[in-house]
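The values are calculated or read from the model by the stated rules, or taken from the named source; none is laboratory data. What you see is a predicted model; the values in this text were computed from it and never measured. Cβ placement follows ideal geometry from the backbone for every residue including glycine, while neighbour counts extend to all protein chains displayed. Only protein heavy atoms, including side chains, enter the accessible area calculation; ligands, DNA and RNA are left aside. Shrake-Rupley method; radii C 1.70, N 1.55, O 1.52, S 1.80 Å.
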2 protein chains.
Amino acid sequence: MSSTPRSPAGRAPDMADVAALAGVSKQTVSRALSNHPNVTARTRAKVEEAVAQLGYRRNAAASMLSSGRSRTIGVVSMPTLNYSSAVISYGMERAARTAGYAVSMATTTSLSPEAIAEAMSRLAEQAVEGIVLVVPLLVGSDATEEISRRIPTVTIDGSRSASTQVVAVDQATVGRVATEHLLSLGHETVWHLAGPGEWVEAGERESGWRAALEAAGRDAPPILRGDWSPESGYQAGLLLARMPEVTAIFASSDEMAFGVIRALHEHGRRVPDDVSVIGVDDIALAAYCSPALTTVAQPFEEIGRLAVGHLIEVIADPDSTPEQTTVDATLIVRGSTAPPA
Amino acid sequence: MSSTPRSPAGRAPDMADVAALAGVSKQTVSRALSNHPNVTARTRAKVEEAVAQLGYRRNAAASMLSSGRSRTIGVVSMPTLNYSSAVISYGMERAARTAGYAVSMATTTSLSPEAIAEAMSRLAEQAVEGIVLVVPLLVGSDATEEISRRIPTVTIDGSRSASTQVVAVDQATVGRVATEHLLSLGHETVWHLAGPGEWVEAGERESGWRAALEAAGRDAPPILRGDWSPESGYQAGLLLARMPEVTAIFASSDEMAFGVIRALHEHGRRVPDDVSVIGVDDIALAAYCSPALTTVAQPFEEIGRLAVGHLIEVIADPDSTPEQTTVDATLIVRGSTAPPA
DNA sequence: ACACAGATTGTTACCGATCTCAACAACTCG
DNA sequence: CGAGTTGTTGAGATCGGTAACAATCTGTGT
């Protein structure tokens with residue numbers, strides 16, 4: 001009746017202890033606990049009762065060792081506090097949990113293949129059964145290739161390589177949609193504040209932007225580049241504010257967009273009256289800062305879910321064909337964009 | 001020279017394989033790899049060479065099983081995408097990594113003791129050596145108590161219980177500092193938009209606010225309550241905007257503060273001219289949205305670091321005395337607060 | 001040169017589950 | 001009613017490391 005009656009001594013109870021108490025063999029206990037079909041309801045009940053009575057918890061290490069399965073997936077992400085990875089991680093954790101997997105995280109401070117390989121390697125040591133890279137892996141090094149050949153790997157918005165699957169928003173479309181929105185409002189052209197060069201999505205959004213301008217027969221102004229942070233947006237904004245011909249700006253993230261807007265305001269250029277600004281991500285604050293930000297939303301949580309889903313599929317059947325999955329982004333028009341004055 | 005010369009067959013290389021190649025015993029390999037002091041430099045070099053050549057990676061499960069140590073700590077957090085937990089997690093991961101620990105995460109959607117116990121239990125099953133609760137645990141249930149008695153547990157901003165340590169910002173001081181700032185500007189009183197009741201920090205900030213008002217001999221206006229989200233701040237703001245006597249508002253989070261500000265603006269009340277608003281957290285956007293937000297910053301990364309530090313200390317010496325650590329918050333004055341009109 | 005302390009390496013048992021395979025029971029069907 | 005089939009349970013080997021202890025190899029002091 002006591003709440004935690006350990007078996008013999010202070011030692012944590014063993015499968016053997018459970019077996020003894022239930023009057024069956026270790027093996028039967030194992031089967032009962034792993035929902036093996038061929039176990040009598042009666043036997044199963046006895047085992048469960050013994051488990052409850054002893055407060056038994058399966059030893060993950062032993063289970064892992066003998067079965068070779070860790071029921072754990074690893075996540076490599078940037079420690080950046082950015083909205084997208086946080087939401088993606090959440091989606092992954094949920095999906096993993098419902099599929100009976102635990103999640104282990106490894107962060108990397110650099111996007112160099114070596115740093116990423118190092119993070120993957122840490123996860124490999126923990127015997128994860130699959131890895132999700134929430135960082136862009138532009139080029140696969142030997143090291144990353146080696147690990148992802150051995151451990152199923154899914155990249156989010158990365159580039160496709162032989163041994164990794166990709167789940168992604170079509171970022172070129174994101175760039176195109178954002179740009180077309182501004183053009184359709186009547187702006188002559190659209191300036192672009194891109195994300196860092198190492199990020200795949202940054203490059204693709206840039207391509208989309210360029211393609212949209214080209215399709216409309218407009219010249220692409222010189223590009224600006226930030227690091228996703230509001231501060232970098234602010235710096236870029238200081239430049240843009242000086243050029244009267246700038247009436248429309250497509251920033252590759254909401255945070256940069258707000259930085260840009262602030263710089264514009266400080267220099268007397270009103271948004272959206274004088275300049276229209278659009279971002280990407282639809283962070284929680286996008287609708288509540290002033291002006292409310294027009295942006296392109298991405299279904300981050302679903303992306304996380306999909307990534308884990310794929311991973312589990314490949315874990316179950318290592319020969320299944322790696323495929324590329326694309327999910328759609330949505331334009332959300334708010335107050336930061338308007339027709340030119 | 002090939003990049004992945006597995007030993008005998010396609011099987012992953014074994015410690016025995018390494019030992020054979022290096023011409024030493026398994027045990028020596030083990031020692032060399034765990035940085036045991038008594039290993040000749042020469043031997044260590046041979047082992048390392050063999051490891052590199054075979055692409056050997058230690059099997060965590062086996063190691064864990066025989067040593068009884070998982071070198072993993074678990075984190076329980078809310079899936080909320082809030083800035084603070086993201087930064088705290090980052091600090092933890094870094095600290096854990098440098099200490100040679102991996103991090104495993106478990107999220108909980110509810111703050112009920114049962115839900116938290118369930119998350120802790122998932123971590124316990126993974127044999128984590130310690131747990132950090134980034135969720136507030138107001139009351140410890142039997143289940144949480146049982147686990148935290150067995151596994152060292154640190155709570156961030158939680159309430160102190162027999163078996164958990166606490167790392168916290170003194171949230172009452174946060175509330176007091178924010179309130180005093182507004183009073184010192186000359187506001188008659190300060191309204192408060194608190195966080196959800198289940199959160200310890202919400203309650204403590206409220207106390208600090210109340211205490212500051214009392215110390216200044218002012219009446220505490222009725223309290224409003226949000227859920228940390230910008231939307232909830234907006235809703236509260238709709239109420240506050242209707243009351244002309246409101247000139248100063250202390251919101252318990254930056255995101256709520258921006259929601260409040262938006263509602264005020266929409267109803268023609270200017271910030272800070274008509275109403276001053278202060279938040280808590282100093283999120284990245286605080287300085288870049290308009291108006292720039294006056295706020296109280298908390299050293300989240302350090303909190304994460306400290307939590308893990310404590311945990312590792314207790315893991316190393318289970319008898320060390322649980323102590324409460326407090327770190328300081330900083331008032332950051334920006335444009336959203338000003339003397340009353 | 002000898003005994004001895006300390007450093008280095010090897011031997012063996014074991015951690016706690018799962019897998020394989022064999023034994024046994026119950027049930028079907030001609 | 002016996003042979004064959006399916007379902008249930010048990011025994012023992014095994015996964016890949018590490019702890020404890022034994023063995024061997026230094027180098028030192030007398």
Length-normalised contact order of segment B:171-297, Cα under 8 Å, at least 6 apart, in percent, tallies to 24
What are the extents of the Cα atoms of the protein assembly as shown along their three principal axes, listed from largest to smallest and rounded to whole Å? 78, 66, 56
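Provide the per residue accessible area, probe 1.4 Å, for segment B:199-283, rounded to a whole number of square angstrom.
Values: 3200 Å² over 85 residues.
Per-residue accessible area for segment B:199-283 comes out at 38 Å².
Tell me the carbon and sulfur percent of the accessible area for chain A, rounded to whole percent, probe radius 1.4 Å.
On the way: 7220 of 13970 Å².
Carbon with sulfur: 52 percent of the solvent-accessible area.
Could you work out the relative contact order of segment A:1-124, using alpha carbon pairs under 8 angstrom and six or more residues apart, expressed as a whole percent?
Values: 117 pairs, mean separation 25.4, N = 124.
So the answer I get is 20 percent.
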Show which lysines lie in cross-link reach of B:K26 when reach means a straight Cα distance below 16 angstrom and same-chain residues fewer than eight apart are skipped. B:K46
What residue among A:G74, A:G309, A:G186 shows peak mean-square fluctuation when chain A is described by a Gaussian network model with Cα springs under 10 Å? A:G186
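How well do other chains shield peptide B:85-95, expressed as the mean number of their Cβ atoms within 10 Å of each residue Cβ? List each step's numbers first, then the result.
Numbers: counts 2, 8, 2, 0, 6, 7, 1, 1, 5, 3, 0.
The mean count of partner-chain Cβ atoms within 10 Å per residue comes to 3.
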Taking a cut-off of 26 Å, what percent of all Cα-Cα pairs in segment A:171-298 are separated by more than that? 9
Euclidean distance of C-alpha centroids, segment B:96-116 and segment B:46-87, integer Å: 14
Can you give the relative contact order of chain A as a percent, counting alpha carbon pairs under 8 Å and 6+ residues apart? 15
Across peptide B:100-106, what mean number of C-beta atoms from other chains lies inside 10 Å of a residue's C-beta? 5
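What total accessible area, in Å², is buried where chains A and B meet, using a 1.4 Å probe and rounding to the nearest 100? Intermediate results must be reported in sequence, preceding the final value.
Numbers: alone 16260 and 16300 Å², together 27970 Å².
The buried area between A and B, both sides summed, comes to about 4600 Å².
With a Förster radius of 30 Å, plug the Cβ-Cβ distance of A:R242 and B:E266 into 1/(1 + (r/R0)^6) and report the FRET value to the nearest 0.05.
Details: r = 31 Å, r/R0 = 1.05.
The pair A:R242/B:E266 has a calculated efficiency of 0.45.
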What is the extension gain from B:R11 to B:A143, computed as 0.36 nm multiplied by their sequence separation minus the C-alpha to C-alpha distance, in nm to one decimal? 43.3 nm
Amide N proximity, segment B:140-155 versus B:L111 label position 7 Å along Cα-to-Cβ, cut-off under 14 Å: B:140
Under 5 Å between amide H atoms, partner at least 5 residues away or on a different chain: which partners does B:T294 have, H built in plane at 1.01 Å? B:G279, B:R334, B:G335, B:S336, B:T337
If labels are modelled 7 Å from Cα along the Cβ direction, A:L331 lies from its partners in the other copies at nm distances, smallest first, of 4.7
Per residue, the convex hull enclosing the Cα atoms of chain B spans a volume in Å³ of 170
Highest-MSF residue in chain B out of B:E125, B:E93, B:E145 [GNM, Cα springs under 10 Å]: B:E125
Run through the DSSP bridge list for the protein assembly as shown and note the antiparallel percent, rounded to the nearest 5. 15
Computed FRET efficiency, Cβ-Cβ of A:V327 and B:S66, R0 45 Å: what is it to the nearest 0.05? 0.50
